[in-house]
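The values are calculated or read from the model by the stated rules, or taken from the named source; none is laboratory data. Keep in mind that this is a model prediction, so the values were computed, not measured. Here the Cβ is made from the backbone with ideal geometry for all residues, glycine too, and neighbour counts use every protein chain on show. For accessibility, only protein heavy atoms count, side chains too; no ligands or nucleic acids. Shrake-Rupley method; radii C 1.70, N 1.55, O 1.52, S 1.80 Å.
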Amino acid sequence: MRDFSLDHSALALNTATLGHNLDGYGAGWPPERVIDACAARGFGGIVFWRREIGNRAVHIGERVRASSMEVVGLCRTPYLVGSERPEQLIDEVKSSIDMSAELGAQVLTIVSGGTEPGTKGILDTQKIFAERVRAAAEYAALRDVKLAIEPLNPMFGGNRTCVMTVRDALRVCHWADAANVGVAVDVYHVWWDTTLAKSLEEAGGTRILGYHLCDWLETTRHMLLDRGMMGDGVADLKTIRAAVENAGYEGACEVEVFSAENWWKRDPNEVLDVLVERFRSVC
Ligand code: ZN
């Protein structure tokens, strides 16, 4: 297992940690300011959300690399299944893949969306989802983009996800049968799963395309927007990372803390300083 106590070059900022994933939250720093602040602190990379990028993907990607960092990922495709699926789904999926390619992002994240209208449970929806992932992967391969399916905590079943465990995500990968599709492992979504290490071992390092850090607060006040900073909750961070790395993952560790009532209200400079300190001490 890698030793981060004196080296945080694997640390990446997911800009959701500054509230940049939703309108009306956070300090609203432009990407350039985020890039400069992360570079000054020795971060290894950044993960952006599409809403921050607009039509400046090429410029922002070059700016990140000129600052000796990587664009570790882009969040995310629209939901591929479920009732909230956008009308122009195929066009929007393709444009998210195009944006990833222009940014030079290593991975584009997929959150599946919920149970498909007219079905019950999750397996029928997973099959439909896998077909759509396969179609997206064909286009992504042309643009040299990898797609990471992110399982969500089961409490997001119904309207946000049909993929609730790493095992579910691997099943979809198997059905989609595409070399450029894998899994993103997010502490918030998997911390409770006692079969995680075994699932990851079966996945193997090449299928694991991302590792997302935060913590699970003992008392969570809001399902989506009350994630904890690493060290403030009850997730066994070192054991989870050991499982991810034992499976062969050697990539970036991105911090993704959705926190409307706490971290999003703080000065981003303070938040970034805390990330470095916590990454080195508790992750
Ligand atoms: Zn995540």
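Look through region 24-75, keep the residues that are part of a helix (DSSP H, G or I), open to solvent by less than 50 Å² (accessible area, probe 1.4 Å) and touching a Pro at 6+ places or on another chain (Cβ under 9 Å), and return whichever of them is nearest to I208 (Cα to Cα). Taking the candidates together, the pick is V64. Selection of first residues in region 183-201 that are among the aliphatic types (A, V, I, L, M) and of second residues that are open to solvent by 50 Å² or more (accessible area, probe 1.4 Å) and modelled with pLDDT of 95 or more, restricted to Cβ pairs under 8 Å at least 6 apart or on distinct chains, gives the following pairs, ordered by first then second residue: V183/R207; A197/N246; L200/N246. Checking each residue in region 107-138 for being within 16 Å of the ligand (Cβ to nearest atom) and either among the charged types (D, E, K, R) or part of a loop (DSSP other than H, G, I, E, B) (or both) picks out V111, S112, G113.
For every residue, the table says whether it meets (1) under 23 Å from G251 (Cα atoms); (2) of a type outside the set (S, T, N, Q); (3) at pLDDT 95 or above.
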| residue | (1), (2), (3) |
| --- | --- |
| N14 | yes, no, yes |
| G19 | no, yes, yes |
| R33 | no, yes, yes |
| W49 | yes, yes, yes |
| L74 | yes, yes, yes |
| S96 | yes, no, yes |
| L123 | no, yes, yes |
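Of T220, T206, T239, all but one fail to be more than 29 Å from V93 (Cβ to Cβ) and assigned to a loop (DSSP other than H, G, I, E, B); the exception is T220.
Would region 181-188 turn up any residue that is touching a helix residue (DSSP H, G or I) at 6+ places or on another chain (Cβ under 8 Å) and either more than 16 Å from the ligand (Cβ to nearest atom) or assigned to a helix (DSSP H, G or I) (or both)? Yes, region 181-188 contains at least one residue that is touching a helix residue (DSSP H, G or I) at 6+ places or on another chain (Cβ under 8 Å) and either more than 16 Å from the ligand (Cβ to nearest atom) or assigned to a helix (DSSP H, G or I) (or both).
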